[in-house]
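Below you'll find the structure, written out as structure tokens, and then a few comments.
The values are calculated or read from the model by the stated rules, or taken from the named source; none is laboratory data. Everything numeric here is computed off the predicted structure, so don't read it as measured data. Reconstructed Cβ throughout: ideal geometry from the backbone, glycine too, with neighbour counts over all protein chains shown.
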Amino acid sequence: MKKVVSFALFVIMMVTFASMTMAEGEAMVRVLHASPDAPAVDVYVNDDLVVDGVGYKDVTDYLALPAGTHTIEIYPSGDQSTVVITEQVAVSSGQSYTLGAIGQLESIRLTTMIDDQEVTAGNTKVRVAHFSPDAPAVDIATDAGDILFPNVAFSAVTDYVELPAATYNLDIRGAGTADVVEELSELELKDGMVYTAVAVGLLNGEPEFEMILLNDAMPTPDELPKTGLGGASEIR
Amino acid sequence: MKKWLALLVVCSLAWWGHPNVIAAKESLTGYSPLQLKIPSLSIQAPIEPIGREELDAIPPEGEKVFWYKDGVNPGASGNAVIAGHFDDYEGPAIFYSLDQLKVDDLLYIVNEKHQILTYQVEDMETFKRDQAPVDDIFQGNSQSKLKLITCSGYYSKKEKTHTHRTIVSATLVGKTHRYTPSTGS
């Protein structure tokens, strides 16, 4: 019973704080499932279920956690008999994190990324995470030939690069070569947005290699718009 | 020679005649939307892009809907947000009947690349204006969703706006297709 109550309280806490407006003494944490052959998973924090049924390529919303060290456990969805990952993760107040479950199931592990949410007006920020276990190290370059992210190997997460907000055509190439693995065409990177581009999947096998884009930060209004002028409503 | 030409014409016609079987090229960030179609409510509305500043005072045009362009584009991961008036100064506006939508109804977005994206309604919620979870509505990841916003409740003279907001949440389903309307748009 005590456990149920504490779980209920925890859920209420989660729901109450499940917005990106961070409270004092809290960190925001989300979980990315980037393990190509792992099943959908449930995520437990300090023995409490916080998100269930996170599938491959899914990323959860940011959840608020108190600053400090937490035990993160990942189980196959609906099956708490075999733990997939157990990891102690330390989070700091005011900081946002993405925890990536990466690698193939036999060597799955959690990698912690610190998410940036600040960007200079007029600019955009982007970084790259290479979570495709069988893909070689890559360079990511603009179609003009400028290498933005050199030599990114599996499990690496680059620093953010700040760029003028614009539409970019990027090429993912084998590191040090001109061989294009994948093109990211017409990537509209917006003013005030922060992104993580993640390489997932397998070059040789299923699920196939692809890029996904996470929104680390975006400009959000303070309140919902005024969408009515009263012409067909009761006026009080 | 003539025969080849005829064959070419037939092939081209076949191509244009069945646009919906051809999956369109997709960008990870999606494209700007031009038009919203909700067949179950007979809604067909042009979409005007507006930024964060304009969102505070969206134009009093009842026939259009307004897309929050500082957020994500439809087709990208995250929530693309579109607001429309419930009523204008004279009477009902474009989203007057939005609360008649049902879970599983389909919505369509036509974008600047003449592609059509299909969304399926998964959820509808109404909140008091000051209690709506703004961050959750605007910020998202993983799935590509559409959030439609309109007013509900009554119009408060004091607040100069309606007391409630209705939010429709729809998820992108299927592939993006080339959009070639047979008669106009």
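Data table
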{"quantity": "Residues of the stretch B:137-161 classified as free of Cβ contacts under 8 Å to residues at least 60 places away in the same chain, more than 7 Å from every other protein chain (Cβ to nearest Cβ) and more than 21 Å from B:Pro59 (Cβ to Cβ), total", "calculated": "2"}
{"quantity": "Residue within the stretch A:35-43 that is surrounded by 14 or more Cβ atoms within 10 Å (Cβ to Cβ), within 14 Å of chain B (Cβ to nearest Cβ), at pLDDT 95 or above and outside any strand (DSSP E or B) present", "calculated": "yes"}
{"quantity": "Complete set of residues in the stretch B:162-171 that are of a type in the set (S, T, N, Q) and either within 8 Å of another protein chain (Cβ to nearest Cβ) or out of contact with any Lys or Arg (no Cβ under 8 Å at 6 or more places or on another chain) (or both)", "calculated": "B:Thr166"}
{"quantity": "Test result for A:Ala178, within 10 Å of chain B (Cβ to nearest Cβ) and of a type outside the set (Ser, Thr, Tyr)", "calculated": "no"}
{"quantity": "Members of the stretch B:162-185 found to be surrounded by 21 or more Cβ atoms within 10 Å (Cβ to Cβ) and either of a type in the set (D, E, K, R) or without any contact (Cβ under 8 Å) to a residue 24 or more places away in the chain (or both), listed by number", "calculated": "B:Arg165"}
{"quantity": "Among (1) touching a residue at least 60 places away in the same chain (Cβ under 8 Å); (2) touching a Gly at 6+ places or on another chain (Cβ under 8 Å), the one test that A:Ala232 misses", "calculated": "(1)"}
{"quantity": "Qualifying residues in the stretch A:90-111 (those that are farther than 22 Å from A:Pro39 by Cβ and not in a loop (DSSP other than H, G, I, E, B)) - the one farthest from the chain's Cα centre (by Cα)", "calculated": "A:Ala90"}
{"quantity": "Verdict on A:Glu87 being in contact with a Leu (Cβ under 9 Å, 6 or more places away or on another chain), in a strand (DSSP E or B) and among the acidic types (Asp, Glu)", "calculated": "yes"}
{"quantity": "Test result for B:Glu53, more than 16 Å from the chain's Cα centre (by Cα), more than 11 Å from every other protein chain (Cβ to nearest Cβ) and either closer than 26 Å to A:Val198 by Cα or not in a loop (DSSP other than H, G, I, E, B) (or both)", "calculated": "no"}
{"quantity": "Among residues of the stretch A:74-110, those that are surrounded by 14 or more Cβ atoms within 10 Å (Cβ to Cβ) and over 19 Å from A:Asp61 (Cβ atoms), counted", "calculated": "9"}
{"quantity": "Single unsatisfied condition, B:Gly174 versus (1) away from chain A (no Cβ under 14 Å); (2) at positive phi; (3) part of a loop (DSSP other than H, G, I, E, B)", "calculated": "(3)"}
{"quantity": "Sole residue being in contact with an Asp or Glu (Cβ under 8 Å, 6 or more places away or on another chain) and either surrounded by 21 or more Cβ atoms within 10 Å (Cβ to Cβ) or at pLDDT below 95 (or both), chosen from A:Glu183, A:Glu234", "calculated": "A:Glu183"}
{"quantity": "Out of B:Pro74, B:Pro133, B:Pro92, sole residue that is within 7 Å of chain A (Cβ to nearest Cβ) and touching a strand residue (DSSP E or B) at 6+ places or on another chain (Cβ under 9 Å)", "calculated": "B:Pro133"}
{"quantity": "Subset of the stretch B:56-68 that is farther than 22 Å from A:Ala217 by Cα and within 12 Å of the chain's Cα centre (by Cα) - its residue that is farthest from the other protein chains (Cβ to nearest Cβ)", "calculated": "B:Lys64"}
{"quantity": "Complete set of residues in the stretch B:115-130 that are at the interface with chain A (Cβ under 10 Å from one of its Cβ atoms), out of contact with any Leu (no Cβ under 7 Å at 6 or more places or on another chain) and in contact (Cβ under 8 Å) with a residue 24 or more places away in the chain", "calculated": "B:Phe127"}
{"quantity": "Test: B:Asp105 is within 8 Å of chain A (Cβ to nearest Cβ), farther than 19 Å from A:Asp191 by Cα and surrounded by 16 or more Cβ atoms within 10 Å (Cβ to Cβ)", "calculated": "no"}
{"quantity": "Elements of type strands (runs of 3 or more DSSP E) contained in the stretch B:69-133, each with 1 or more residues being at pLDDT 95 or above, more than 11 Å from the chain's Cα centre (by Cα) and of a type in the set (Ser, Thr, Tyr)", "calculated": "B:115-128"}
